[in-house]
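I have placed the structure first, in the form of structure tokens, so that the comments after it can refer back to it.
The values are calculated or read from the model by the stated rules, or taken from the named source; none is laboratory data. Everything numeric in this text was worked out from a predicted model, so none of it was measured. With ideal geometry, Cβ positions are generated from the backbone for all residues, glycine too; neighbour counts draw on all protein chains shown. Each accessible area value is taken on the protein alone, full model and side chains, heavy atoms only, with ligands, DNA and RNA left out. Shrake-Rupley method; radii C 1.70, N 1.55, O 1.52, S 1.80 Å.
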Amino acid sequence: MERLLADIRYAARTLFKRPLFASVAVLTLALGIGANTAIFSVVNAVLLSPLPYERPEELTVIWGNVAAANLFQQPSSVPDYNDLREQNHVFEQIAATRSQAFNLTDLDEPERIGGVRVAVNLFSLLRVKPLVGRDFLESEGLAGAEPVMIISHRLWQQRYGADPNLIGRALNVDGKSYTVIGVLPPDIYFPTPDISLYVPLINQPNEMARGARFLRVIGRLNQGVSLVEARAEMNTIAARLAAQYPDTTSGYGIDLVPLHEQVVGRVRPALMVLLSAVACVLLIACANVANLLLARAASRRTEFAIRAALGASRAQLVRQLLTESLLLSLSGGALGLLLAVWGVPALIGISTNSIPRAAEVGIKLRVLLFTALVSLATGVVFGIVPALRSSSKRNTDALREGRRGTTGSVLHQRLLSGLVVSELAIALVLLAAAGLMIRSFLSISKVSPGFNPKGVLTLGIGLSSKYPDIPKQAAFYESLLAKVRTMPGVDSAAGIIRIPLVGFNASTSYTIQGKPVERGSEPTADYRAVTGDYFKTMGIPLLKGRDFTERDNKDSPDAIVINAMLADRFFAGEDPIGKRIQIFPDPARWREVVGVVGDVRLLGLDAEINPTLYVPMPQNPYPAALRNVFLAVRTSGEPRSLVSGLRSELRSLDKDVPISQVQTMEEIVAGSLSQRRLSMSLLVVFSALAAVLAAVGIYGVMAYIVAGRTHEIGIRMAMGAQQTEVLAMILGDGAKITAVGVTIGLAAAFALTRVLSSLLYGVSAVDPITFAGISLLLASVAMLASYIPARRAAKVDPMEALRCD
């Protein structure tokens, strides 16, 4: 221990004597370690940390699928859910949920909050006990039971000030009185973070059709049962149901997805790419500091030789030099940790909507251990080669060489050049990845959503049980729209059950008159119920026929509008106007096609366009669909200036109906790209940092080579060499290093950027334009870094240079 402390004190004194060297090395390492710590804190919270449930690895989401129609992760119907519960032997428990927004009107200001109807055994399945109060009782899931609810910890704090007396109090929810029986622990939510209210799932008689699929099902596997075994039994059950109910279940299968994968699977590829990118930045930082140490070692050869002559063993010299390296790396790690502490909140602030479990991200114990381990490993990685090289017995020659030859051997310079080559190669891989992400983002940004988002404000409206049926719901929206259309600045207004690019999709099966298909193999289409003026308000082009009008009510002939894709697929060479279509759940109700509109990207700018059906709201066949509707309002002015007026008009109709999710369509379009934008931005930042570090590295090596060749350059110039010849000589050395680094980097980039394929849109993972442009950019930066020392060498005074001898 005493020797170790002595080595640390000596290392500290040595570094303090070279403050510029120490500062550059520590800052370089801090940038690399800080970036790794920040990204690892996200990876730790999102990918590595288990979900906050007991034995979370047993929790599995149970989805339906229709592989023939390319439909996956589909919800289940009530009969299918009941059959799964009764027929399976692999799940300890199965529970169903159904998301639904609720109106809270117990205080002066009504609030629209995210909620979910759940099977009463859900929290038992999750092994979650309320922080305050109790869980649901089995009897509370039966028809006629007294309405009760459990609320989230966030809602309890934000709306009710964590009042412990809230338990047992009756609150007005959707026009009904619900008794609060429990409050969940902090950070517990299911299935999504926006859920604040849970009520028992009691299915109505009109929701019992086997083809009506709206339940999200989750199960807990029995201990010892593998996912493979569970999938095998689910396939058996699916085949049995398909044979038993061919009309509604033919071709229907079952998928099992671990809950953790369901939550984070979407962002896993992007996070792993970012973690790899910051690891590359750290490698470049290590190479830079190793170059600094190798260059500095040349000036310390006499010191090492004297110490060896006085009896110091090679092991002692290596230990001393590694102590210096570790002191640098730990200092860089400490500074990097401070940078991460500052950077992580900023990162989460700009990515809350892009990263699941974002609220759980922070500098936790595992992150601190990671930073410490990375710092120690970094010290060894960049210190071992300089230590072994500097402690070589050849350094005793320095006693005889004096100042001449301080540049070291050819091998020494090759080590320096090799490290710079590796920096350039790694930087090129990162720049290529960033270039591909930029081109991908630009490609998807140019994709037309199928509507004109400029000047459109959207907001959510949710009705309570005061509006129990479709006629009353549709009448309310028409009354509200009539008021909104007369507001100053409003050009048009309309309603739709699901706004494009927001939330989950709604789809339905359908058949076309005169085009029969095998029962159970009916095609599916995205489905939207809309009011009149919707296509005009959203700027969706009407290609044929007419828009919906106030005449398309519950008493008029059923009408339907289709999109261009559906028209091209099923009515090629025909006029679709006047054709008849029926949609589930009304097999005897034929709807006449009255119009064809342009294709709209409903699920994302990078998602495929599907056949789409639009029906007038008063003729909507789904009883619960009109409980939640979005209004779209087009204005020639500032869209958000309409919010207060819209709120007043709504209150004049019903003061207990709140508005929510107020956004402009431009914000919605931009938000749909938020995850891609975040991944691209971070990768650009890290690749730019890598390029800067690589440029600094080549500058340092070229400056060191020039300094070591000062005597040679003086002789050349004394013998008549011109400045341009000296400049070309040094630039030639830089060009060789650059060419090797770029060549190796290109080969690595062609091999490694293929992992980006799932993150790209409209560009190949080996796009030649990107690779050529990035290679030219990095080569230019590297040559600029070489030019500065080369220019200095060309201006050497021959007389001064010869005095170096």
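Quick check: from the Cα gyration tensor, does the range 564-614 come out rounded (a/c under 1.5), prolate or oblate? It is oblate, given that a/c is not under 1.5 and a/b is not larger than b/c. Using a/c under 1.5 as the rounded threshold, could you call the range 141-218 rounded, prolate or oblate? The axes a ≥ b ≥ c are square roots of the C-alpha gyration tensor eigenvalues, and prolate needs a/b larger than b/c, oblate otherwise. Note, shape of the range 141-218 comes out oblate. Annotation: amide H-H contacts under 5 Å for THR664 (H modelled 1.01 Å from N, sequence separation of 5 or more, or interchain): THR458. With the largest listed first and rounded to whole Å, the semi-axes of the equivalent ellipsoid of the range 540-690 from the Cα gyration tensor are 34, 26, 14.
For the chain, pairs of C-alpha atoms spaced more than 52 angstrom apart make up 32 percent of the total.
Output the DSSP H helices from the chain with an along-axis C-alpha extent of no less than 24 Å and a mean Kyte-Doolittle hydropathy no less than 0.5. It would help to have the intermediate numbers written out before the result.
Values: long enough: 19-43 (35 Å, 1.87); 227-244 (25 Å, 0.29); 268-299 (47 Å, 1.74); 314-349 (51 Å, 1.19); 365-390 (37 Å, 1.73); 410-445 (51 Å, 1.61); 674-708 (51 Å, 1.51); 723-752 (42 Å, 1.35); 768-794 (37 Å, 1.23).
Membrane-span-like by this criterion, though nothing is claimed about a membrane: 19-43, 268-299, 314-349, 365-390, 410-445, 674-708, 723-752, 768-794.
Rolling a 1.4 Å probe over the heavy atoms of the protein chains gives the range 52-114 an accessible area of 41 Å² per residue.
Relative contact order for the range 1-148 using alpha-carbon pairs under 8 Å, separation at least 6, rounded to a whole percent? Don't skip to the answer; put the middle values down first.
On the way: 89 pairs, mean separation 18.7, N = 148.
Value for the range 1-148: 13 percent.
Please compute the net charge surrounding LEU603, taking Lys and Arg as +1 and Asp and Glu as -1 over other residues with Cβ under 15 Å from its Cβ.
Details: positive: ARG266, ARG498, ARG528, ARG601, ARG676; negative: ASP526, ASP599, ASP606, GLU608.
Residues near LEU603 contribute +1 overall.
Here the dipole of the range 130-272 is about 240 debye; that uses its Cα centre as origin and unit charges on the Cβ of Lys and Arg (positive) and Asp and Glu (negative). Considering only PRO621, VAL597, TYR467, and ranking their Cα positions along the charge dipole of the chain that arises from unit charges at the beta-carbon of Lys, Arg, Asp and Glu, the one farthest toward the positive end is VAL597. According to the Kirkwood relation over distinct C-alpha pairs, the hydrodynamic radius of the range 654-805 is 19.4 Å.
Of all the accessible heavy-atom surface of the chain, with the other protein chains kept in place and a 1.4 Å probe, what percent is carbon and sulfur?
Numbers: 21110 of 35570 Å².
Of all accessible area on the chain, carbon and sulfur atoms account for 59 percent.
Pull out a ≥ b ≥ c, the square roots of the eigenvalues of the alpha-carbon gyration tensor of the range 41-186, then state rounded if a/c is under 1.5, prolate if not and a/b is larger than b/c, and oblate in the remaining case. In terms of gyration-tensor shape, prolate. For the pair the range 478-520 and the range 89-117, the centres of their Cα atoms are 24 angstrom apart.
Please state the relative contact order of the range 178-284 as a whole percent: Cα pairs under 8 Å, 6+ residues apart?
16
Short-range pairs are left out: with C-alpha atoms under 8 Å and at least six residues apart, the relative contact order of the chain is 17 percent. Here the extension length gained between LYS364 and GLU207 equals 51.9 nm, from 0.36 nm per residue of separation less the Cα-Cα distance.
Counting Lys +1, Arg +1, Asp -1, Glu -1, what net charge surrounds VAL420 among other residues with beta carbon under 12 Å of its beta carbon? Can you show the working numbers first?
Values: positive: ARG414, LYS736; negative: GLU423, ASP733.
In short, 0.
Note down the net charge around LEU566, summing +1 for each Lys or Arg and -1 for each Asp or Glu among other residues with Cβ under 10 Å from its Cβ. Residues close to LEU566 contribute a combined charge of -2. Qualifying trypsin sites (Lys or Arg not before Pro) in the range 584-643, where qualification requires a DSSP coil assignment and no more than 13 other C-beta atoms within 10 Å, comprise ARG589. Here's the picture: charge each Lys and Arg Cβ at +1 and each Asp and Glu Cβ at -1 in the chain, and of VAL781, VAL561, SER23 the one pushed furthest to the positive end of that dipole is SER23. Between GLN93 and ARG220, the built amide H atoms are under 5 Å apart, and every one of these is 5 or more places off in sequence or on another chain.
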